[in-house]
Protein chains: 2
Amino acid sequence: MHINEFDLIRQYFDQPGLADAADSIALGIGDDCALLRPIAGHVAAITTDTLVAGRHFSADTPAHAIGWKSLAVSLSDLAAIGATPQAFLLALTLPEFNASWLADFAAGLHALSNETSIHLIGGDTTRGPLTINITAIGQVPEMQALRRAGAKPGDFVCVTGALGDAALALRLTKPPLSLADDLSDASSFALYESLQKRLDYPTPRLAEGIRLRGIASAAIDLSDGLAGDLRHILDASNVGVEINVDDLPMSPAFEWFHDHRQRLQLQASGGDDYELCVCIPPQRLAEAQAAVGHLLKPVGRITARTGLRWLDHNGAVLNVELKGYDHFRS
Amino acid sequence: MHINEFDLIRQYFDQPGLADAADSIALGIGDDCALLRPIAGHVAAITTDTLVAGRHFSADTPAHAIGWKSLAVSLSDLAAIGATPQAFLLALTLPEFNASWLADFAAGLHALSNETSIHLIGGDTTRGPLTINITAIGQVPEMQALRRAGAKPGDFVCVTGALGDAALALRLTKPPLSLADDLSDASSFALYESLQKRLDYPTPRLAEGIRLRGIASAAIDLSDGLAGDLRHILDASNVGVEINVDDLPMSPAFEWFHDHRQRLQLQASGGDDYELCVCIPPQRLAEAQAAVGHLLKPVGRITARTGLRWLDHNGAVLNVELKGYDHFRS
């Protein structure tokens, strides 16, 4: 860590007493390193994610939402492996010192860190193009960690909530859709806002990941869209999958606003869902549903035949080629 | 982690078999999180640092050197707390896909990771302005960690090597100095190259940090210059210091090239040294010197009176105000 950046972090991000309250944090913000105590019977789960302005969020996204989402993205990775959040580091690159932006960003960040009991233990601040990197650390019993490898033919493929909301929110901000007509009444506007909230304030499915420890055979979080992310499970597990497109869960707002010709594209390829996609052996489906509740919806089955197939309501294979969001195609 | 970025990381950064060889790594690159096993009797030391193009390195710095230095900066933080390197994550933001740049960068990174037995266990790759973030994790017995707090009046202040080389290398690349005259013979050129190497390929003092566990009363690594970094020890320990400016170690190349009027500025305020600055109780100085060897040089003493004072060879206080490098002053 560097001089003054350190004061910066202290001023806006340190919450006195919070880290001290956690037994597992031996040393928090303010030294060359933070020190974390191990938790008996657990391994540390670690993930890092970078959000770049103009790429992962638009220039007009409120700082509060950027703070929330920056942490949510990393927490979603902890959720996907079934880990309990412990601590995180924030590496912030800022074009300028802007006190009000920093205060809003920190408020958004802390809203989620408080909700999920994760402690900021260190970071780095530098000047440059707006970029936010968060490294999150969680704890999970090694044998119960939810990996990408482990899916078996016959397993149910389930997701933890509605898909496509964030992608639709992005689509709706673009012409030529005439939103004014659609939003003329209060209930429509509330629905539209709920979509925007799903884009700006995703909910990492931490409780669901923890409840599925030792039950799910494989898991991943949906950041780049079901089509792209599911392929990682297929590759790691050396299996295939059939997804029933009509079973992909839609939120009320999605049902209201979407163009049905774009449904599959939005739900399978749009990205930014931050739901979990998990594989559940058939004999454990009832147990998984009891553990997670109504959020958990089966959408397909793992197959021995490799590849990803989309089925219509008659079980016929759709002739579509869907890809996940690729950060290197522009 | 995201689609394709993941393939990117695999292709250029994964060294098959290396991570598998480490018992403490339960799961390396290729899932939502990496999994690290705790080491009995140790706590995890964690640090994150970002390097931004045009700020922490110039546009013409070779990719190999950027790879080395990106890791060295974080390893230097592990050294400062006395930790043994275990694993690191790389979050890479690239303006374009450039295979030859990536290969050189990865080669520089791996040259240092192999030398220090630290394993790449995960990361993130996004498109954007060139920015490199590394989070490094090490292990240290909790009670032996070298913190910034702990310096006591009477302690010797020591550094692990010569100061000012990197700052002088930066200075020499700028006009109006006519380097052509100075570099006309082979030995001068070798000296000049050694300065440049200190800027581009800093050596994190890991072995020295580990040997000083339980001996040093306080420690920090010198990234922003002695003046700025030492202040962190003073603030954390609530003490002051007197530094004998004539005792600040110079390398042969520094002695040869420096303008003596700029000596203190370069050695105390230039930054990028990546040496350790440690405080040693008087009764343990001989032990510390035996542990670390000739690299360890006393340069001053901790005082009860707060503040940082620079003394000349007569012990008189110099009337200078030195600051460390501040990433937020441009």
Residue under evaluation B:E287, criteria (1) surrounded by fewer than 17 Cβ atoms within 10 Å (Cβ to Cβ); (2) within 14 Å of chain A (Cβ to nearest Cβ); (3) not polar (S, T, N, Q), criterion not met: (2)
Residue under evaluation A:S74, criteria (1) over 24 Å from B:G138 (Cβ atoms); (2) buried (at least 24 other Cβ atoms within 10 Å of the Cβ); (3) more than 8 Å from chain B (Cβ to nearest Cβ), criterion not met: (1)
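Name the single residue, out of those in region A:112-135 being part of a loop (DSSP other than H, G, I, E, B) and not small (G, A, S), that is surrounded by the fewest Cβ atoms within 10 Å (Cβ to Cβ).
Among those that are part of a loop (DSSP other than H, G, I, E, B) and not small (G, A, S), it is A:P129.
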Filter pass, B:R261 being under 30 Å from B:K152 (Cβ atoms) and of a type in the set (K, R): no
Region A:116-136: number of residues that are at the interface with chain B (Cβ under 8 Å from one of its Cβ atoms) and within 19 Å of B:L92 (Cα to Cα): 10
Flag for A:L89 being more than 16 Å from the chain's Cα centre (by Cα), in a helix (DSSP H, G or I) and not acidic (D, E): no
Of residues in region A:137-174 being of a type in the set (D, E, K, R) and within 13 Å of another protein chain (Cβ to nearest Cβ), the one surrounded by the fewest Cβ atoms within 10 Å (Cβ to Cβ): A:E142
Search result, residues across region B:207-265 that are in contact with an Asp or Glu (Cβ under 8 Å, 6 or more places away or on another chain) and acidic (D, E): B:D221, B:D224, B:D229, B:D246
Where A:S188 falls short, out of the listed (1) in a helix (DSSP H, G or I); (2) closer than 23 Å to A:S70 by Cα: (2)
Counted residues, region A:214-226 - those being assigned to a loop (DSSP other than H, G, I, E, B) and under 21 Å from A:Q144 (Cα atoms): 5
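Residue by residue, here is whether (1) surrounded by fewer than 24 Cβ atoms within 10 Å (Cβ to Cβ); (2) under 25 Å from A:R37 (Cα atoms); (3) not acidic (D, E) holds:
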| site | (1), (2), (3) |
| --- | --- |
| B:A59 | yes, no, yes |
| B:A65 | yes, no, yes |
| B:S70 | no, no, yes |
| B:L78 | no, yes, yes |
| B:L90 | no, yes, yes |
| B:L94 | yes, no, yes |
Given (1) more than 12 Å from chain A (Cβ to nearest Cβ); (2) closer than 29 Å to B:Q144 by Cα, number of the condition B:D229 does not satisfy: (1)
Among (1) more than 19 Å from A:V73 (Cβ to Cβ); (2) modelled with pLDDT under 95 - the single one A:V245 does not satisfy: (2)
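The values are calculated or read from the model by the stated rules, or taken from the named source; none is laboratory data. Source: prediction; values computed, not measured. Cβ: placed from backbone, ideal geometry, glycine included. Neighbour counts: every protein chain shown.
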